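Before any comments, here is the structure.
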Amino acid sequence: MSDLLTAAQMRAIEQAAIESGDVTGLELMERAGQGVVEAIFEEWPELDEAGDVAGGQPPDPRGISGNRKRAVVLCGPGNNGGDGFVVARLLQGRGWEVEVFLYGDAEKLPPDAKVNYERWLQIGAVAEYTSKLHMHVLKGDFDLVVDALLGTGASRALDGVLGNTLTVLSASMSGKERKHKRVAIDNPTGTNSDTGVQLDFDHVEWTGFDADLTVTFHRSKVGHWLDFAADVCGKIIVKDIGLEAKPLTKAGKSSLAVPVDERVWLLDGPTRSLGKHVGHKYSHGHALILTGGSGKTGAARLAARGALRVGAGLVTLGVPPSAQQEVACQITALMLTRVGDATALDVILGDNRLNALCLGPGMGLERARDLAPVALAAKRATVLDADALSAFADDPEALFQMLHENCVLTPHGGEFAKLFPDVGAKLAAVPTKGPAYSKVDATREAAARAGCIVLYKGADTVIAAPDGRCSVNAAVYERAAPWLATAGSGDVLAGFITGLLARGFAPMAAAETGAWLHVESARAFGPGLIAEDLPEMLPQVLRALAPEG
Ligand SMILES: NC(=O)C1=CN([C@@H]2O[C@H](COP(=O)(O)OP(=O)(O)OC[C@H]3O[C@@H](n4cnc5c(N)ncnc54)[C@H](OP(=O)(O)O)[C@@H]3O)[C@@H](O)[C@H]2O)[C@@H](O)CC1
Ligand SMILES: Nc1ncnc2c1ncn2[C@@H]1O[C@H](COP(=O)(O)OP(=O)(O)O)[C@@H](O)[C@H]1O
Ligand SMILES: [K+]
């Protein structure tokens, strides 16, 4: 998958191509419409009665007269609607019976959309989009419903006619019950293409269009991978519309988000330890994971197992005296050392071979507050998770003062809101006009403030560095792993990242790789997963990736 674009970046690319004279807006719209029709027939070949995906041949009227396929195309007031008129024309040209509805005033359509509206009027009718439209669609014997209402220009809450109608339409029949397929152009109306968030949170009963397939152009938009969008896009198909040769300006590029994929491991994983073939255990790093007190050591043990499996040479659990016996009974390949208080930790960190630390899982707030200053002063690569984040809820600034560039913070939503309350509030706010503030924006802002890597967890995990680098590790669509929402899986993730840091991965790469392997391990196991299974799946995942690794 390539870079993920915001609506503004996509507009800038399109604008640059048009201004260079290489292509007109009208040509781009035609290619977009063709791309949608191609994607429909690639996805559902059974819908293609004319049998010519490229759309170049006129349909054979003999074959279609008795049983024509039927589509409803819902067009909106902007260029997304323009794409819809192209799709309507192309489908009709292939022998389909097409009904077109327009939401908005035809006189106010932007120029390219207007041209395609008028082209359509030469061959078909346009009806008004009303609040009763869903009844027509639901009663009709349609094969396809195309959502060309709002695309990247969607900027505010849906009104009742639009929102309610789409939602009733979408909610009325599940995929199995209905005959028609649902296709959204660029994004399902009701979602914001920058944030993936529903356009109106106030009307939770209005969810907008629920697509089987979303066809987007040139690049996937960042909002396809965040928040609510994955529940309504169905599947994302990206169609080339000839913008390939037009790179973003430097300024535009610096604000790109990139998806995390297997390259994070393949580039670095097999070699990222000193002495790949001849090294000893210390050349693969030594991680120290601090536990909580008696009865609370499970989380840190999970993290430690993750660190060991991901390839750290040695992993030691730092336990308070009260928990020593408990931990000693539970571990084998892991090691154990007493870390009663900050002074003891200071002594232990005198051993320079300890090159990665993990604080937080099950640690207890008080112990985390006591030990964090010494741990952070040692300037080792350090993961702060769970209690090591919550411990500073009352004074996040005190934590930020101690952090350094080799730290990785791994908050879930609750911990993020505690450490970055203003950023969390911006993210949670109902967007009233575009462009809206996304999880990508929030994580970037948090990383800049903290001065280190922030990995903001969720099905749409976002990872950002203080310099603006940002990536999205989305466990959605064909990579969905809902089983990861299980107690302790976050502890294992903290361990994976700590182990990779011990092996010498840079903090951003460790966070990206850890998050990616986490989802792969969950997918390798499947439903029924519990946190303990994650480290045990890792060898299988790594073997499949790089047998030499
Ligand atoms: N970029 C490219 O390279 C290419 C782009 N292409 C296509 O163009 C699409 C972008 O077109 P676009 O910019 O005209 O925006 P679009 O999504 O049609 O909406 C704007 C209209 O909706 C209105 N409106 C907004 N929110 C609303 C709401 N909640 N409820 C009601 N109305 C609302 C808004 O009104 P306004 O805010 O101006 O009052 C305005 O009238 C893109 O998604 C892709 O499909 C392809 O053709 C080729 C290549
Ligand atoms: N629906 C989901 N799909 C994929 N991953 C998820 C989902 N929900 C949670 N996760 C992942 O599971 C982990 C949960 O971590 P966390 O919230 O810290 O839980 P815990 O404290 O129980 O370990 C995170 O890595 C998060 O990204
Ligand atoms: K749309």
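The values are calculated or read from the model by the stated rules, or taken from the named source; none is laboratory data. All of these numbers come straight from a predicted model, not from anything done at the bench. When we count neighbours, we look across all protein chains shown, and the Cβ atoms used for this are built from the backbone with ideal geometry, even at glycine.
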Would you mind finding the one in Gly360, Gly318 that is within 28 Å of the chain's Cα centre (by Cα), assigned by TED's automatic domain parsing to the domain that holds Ile497 and buried (at least 17 other Cβ atoms within 10 Å of the Cβ)?
Gly360
Residues being in contact with a Ser or Thr (Cβ under 7 Å, 6 or more places away or on another chain) and either outside any helix (DSSP H, G or I) or within 11 Å of Leu357 (Cβ to Cβ) (or both) - total across the range 403-416
2
Scan the range 388-399 and tell me whether some residue there is touching a Lys or Arg at 6+ places or on another chain (Cβ under 6 Å) and aliphatic (A, V, I, L, M).
yes
Scan the range 404-417 and report the pairs whose first residue is within 16 Å of ligand 3 (Cβ to nearest atom) and whose second residue is part of a strand (DSSP E or B), with Cβ atoms within less than 7 Å and a gap of 6+ or a chain change.
none
If you take the residues in the range 421-437 that are among the hydrophobic types (A, V, I, L, M, F, W, C) and part of a loop (DSSP other than H, G, I, E, B), which one is surrounded by the most Cβ atoms within 10 Å (Cβ to Cβ)?
Ala436
Taking the range 145-172 and keeping residues of a type in the set (A, V, I, L, M) and touching a helix residue (DSSP H, G or I) at 6+ places or on another chain (Cβ under 7 Å) leaves Val145, Val146, Ala148, Leu149, Leu150, Val168, Leu169
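Every residue, every condition in (1) in contact with a helix residue (DSSP H, G or I) (Cβ under 9 Å, 6 or more places away or on another chain); (2) over 19 Å from Val258 (Cβ atoms); (3) assigned by TED's automatic domain parsing to the domain that holds Lys439, yes or no:
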residue	(1), (2), (3)
Lys176	no, yes, no
Ile185	yes, yes, no
Asp194	yes, no, no
Leu199	yes, yes, no
Asp210	yes, yes, no
Thr216	yes, no, no
Ala230	yes, no, no
Ile237	yes, yes, no
So, in the range 474-512, exactly how many residues are of a type in the set (Ser, Thr, Tyr) and closer than 20 Å to Cys358 by Cα?
2
Given (1) in a loop (DSSP other than H, G, I, E, B); (2) of a type in the set (Asp, Glu); (3) under 29 Å from Gly318 (Cα atoms), number of the condition Asp467 does not satisfy:
(3)
Please find, among Val492, Val462, the residue that is away from ligand 1 (no atom under 16 Å from the Cβ) and over 19 Å from Ala303 (Cβ atoms).
Val462
Regarding Ser172, is this residue surrounded by fewer than 21 Cβ atoms within 10 Å (Cβ to Cβ), within 28 Å of Asp240 (Cα to Cα) and in the same structural domain as Ala12 (by TED's automatic domain parsing)?
no
Restricting attention to the range 68-116, report how many residues are more than 12 Å from Ile185 (Cα to Cα) and assigned to a helix (DSSP H, G or I).
15
Select, from Gly208, Gly153, the only residue that is touching a strand residue (DSSP E or B) at 6+ places or on another chain (Cβ under 6 Å), modelled with pLDDT under 95 and within 11 Å of ligand 3 (Cβ to nearest atom).
Gly208
So, in the range 438-464, exactly how many residues are out of contact with any Ser or Thr (no Cβ under 7 Å at 6 or more places or on another chain) and outside any helix (DSSP H, G or I)?
7
Specify which of the listed residues (Asp200, Asp227) is surrounded by fewer than 22 Cβ atoms within 10 Å (Cβ to Cβ), within 16 Å of ligand 2 (Cβ to nearest atom) and not in a strand (DSSP E or B).
Asp227
Scan Gly78, Gly93 and give me the residue that is modelled with pLDDT of 95 or more and more than 32 Å from the chain's Cα centre (by Cα).
Gly93
The correct count of residues that are more than 15 Å from Leu529 (Cβ to Cβ) and more than 8 Å from ligand 2 (Cβ to nearest atom) in the range 474-493 is 3
Looking only at the range 327-348, count how many residues are touching a strand residue (DSSP E or B) at 6+ places or on another chain (Cβ under 8 Å) and not small (Gly, Ala, Ser).
10
Hey, does the range 166-180 have a residue that's away from ligand 2 (no atom under 16 Å from the Cβ), under 22 Å from Ala106 (Cα atoms) and more than 20 Å from the chain's Cα centre (by Cα)?
yes
